[in-house]
Amino acid sequence: MRDWRMSDGYVLRGRIWPPRRAASSAFLYLHGIQSHGGWFERSASLLAETGCAVLLPDRRGSGLNEVGRGDTPGAQRWLLDLDELGDALIRESGCQRVAVAGVSWGGKLALLWALQRPRLVERLLLVAPGLFPAVDPGWLARARIAASLLRGGRRAFPIPLNDPALFTDNPAGREFIAQDPLRLIAASARFFYSSRRIDVLLARAKRGSLAVPTTALLAERDRIIRNDPTEKWLRRVARDGPDIKYFTGAEHTLEFGVCPAAFEEALTRWASAGTDSPRRGSARGV
């Protein structure tokens, strides 16, 4: 475990795999809205085995970070956290830029950071990115969130993903999620507002404005995000065209699949590819 003090004084906790030798790349790994770094230790360790430095932080208010549970000062603070974590990873690894992997909700944060900080981001891996959610709080919860914002926005509301079956069809994975004491089950009104702010900024992204090489790994049976609009958005915004892979029969959290070998192979292949990315297109039936 490692701690990083942010410029506003908040102390972020997370996991880091320092390079055993001169790092060929440095990876910043971002988890989803309910999850935390503990869900992705296996895949982060696989990235590290390719000889790269890996930083897997828990987002402020999530996972190991108990202060301000489920809260954020705003979307800009999330981006500043990534700026500072990226700088820390560059110092740790000796690399000039970082590669970013974003899972689910963390994928849309990774995308916004890559769009706004292209000089820092070497390449981008999106695992079932939460650009177009299939699950919504509902109109009544949205109205209550809006009312809370008028009073400071600190009231917490349930995150509408509390059924572990939405994440995976693997019984062991469902049990892990259900019993996880660090899983984030509620977030503040200003968290929801800030998340929506990211959606608006990404919706405004211009054609070809995503300059970094981008790979997306999508689960065919995803019930948390919608794949078709995700693929269309990526094809519009990624300058050189994204490399998109679908995993047949897979549920949202590829990490917890019954047979995760195909996902792990794709992950290590991406890690080893460096900036010499493979031909971009769309592959189904992985």
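Here are a few things to note about the model shown:
- Given (1) touching a helix residue (DSSP H, G or I) at 6+ places or on another chain (Cβ under 9 Å); (2) of a type in the set (D, E, K, R); (3) in contact (Cβ under 8 Å) with a residue 60 or more places away in the chain, number of the condition ARG60 does not satisfy: (3)
- Only a single item in (1) out of contact with any Asp or Glu (no Cβ under 7 Å at 6 or more places or on another chain); (2) of a type outside the set (Lys, Arg); (3) more than 29 Å from ILE244 (Cβ to Cβ); (4) surrounded by 13 or more Cβ atoms within 10 Å (Cβ to Cβ) is not met by SER188, and it is number (1).
- Of the residues making up the stretch 21-78, those that are over 17 Å from the mean Cα position of the chain (by Cα) and of a type in the set (Lys, Arg) are ARG21, ARG69.
- Number of positions in the stretch 15-49 that are surrounded by fewer than 24 Cβ atoms within 10 Å (Cβ to Cβ), among the polar types (S, T, N, Q) and outside any helix (DSSP H, G or I): 2
Results for (1) more than 25 Å from GLU122 (Cβ to Cβ); (2) crowded, with 20+ Cβ neighbours inside 10 Å; (3) of a type in the set (A, V, I, L, M), shown as yes or no for each residue.
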| site | (1), (2), (3) |
| --- | --- |
| TYR193 | yes, no, no |
| LYS206 | no, no, no |
| ARG223 | yes, no, no |
| ILE244 | no, yes, yes |
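- Count of residues meeting criterion [more than 16 Å from GLY208 (Cβ to Cβ), surrounded by fewer than 21 Cβ atoms within 10 Å (Cβ to Cβ) and in contact with a strand residue (DSSP E or B) (Cβ under 7 Å, 6 or more places away or on another chain)] in the stretch 109-121: 1
- Residue satisfying all of: in the stretch 247-283; out of contact with any helix residue (DSSP H, G or I) (no Cβ under 7 Å at 6 or more places or on another chain), of a type in the set (A, V, I, L, M) and not in a loop (DSSP other than H, G, I, E, B); modelled with the lowest pLDDT among these: ALA283
- Selected residue (only one of GLY130, GLY102, GLY106 is of a type outside the set (D, E, K, R), part of a strand (DSSP E or B), under 16 Å from the mean Cα position of the chain (by Cα) and at pLDDT 95 or above): GLY102
The values are calculated or read from the model by the stated rules, or taken from the named source; none is laboratory data. Model, not experiment: these values are computed from the prediction. Quick reminder, even Gly has a Cβ in these numbers, built from the backbone with ideal geometry, and neighbours come from all protein chains shown.
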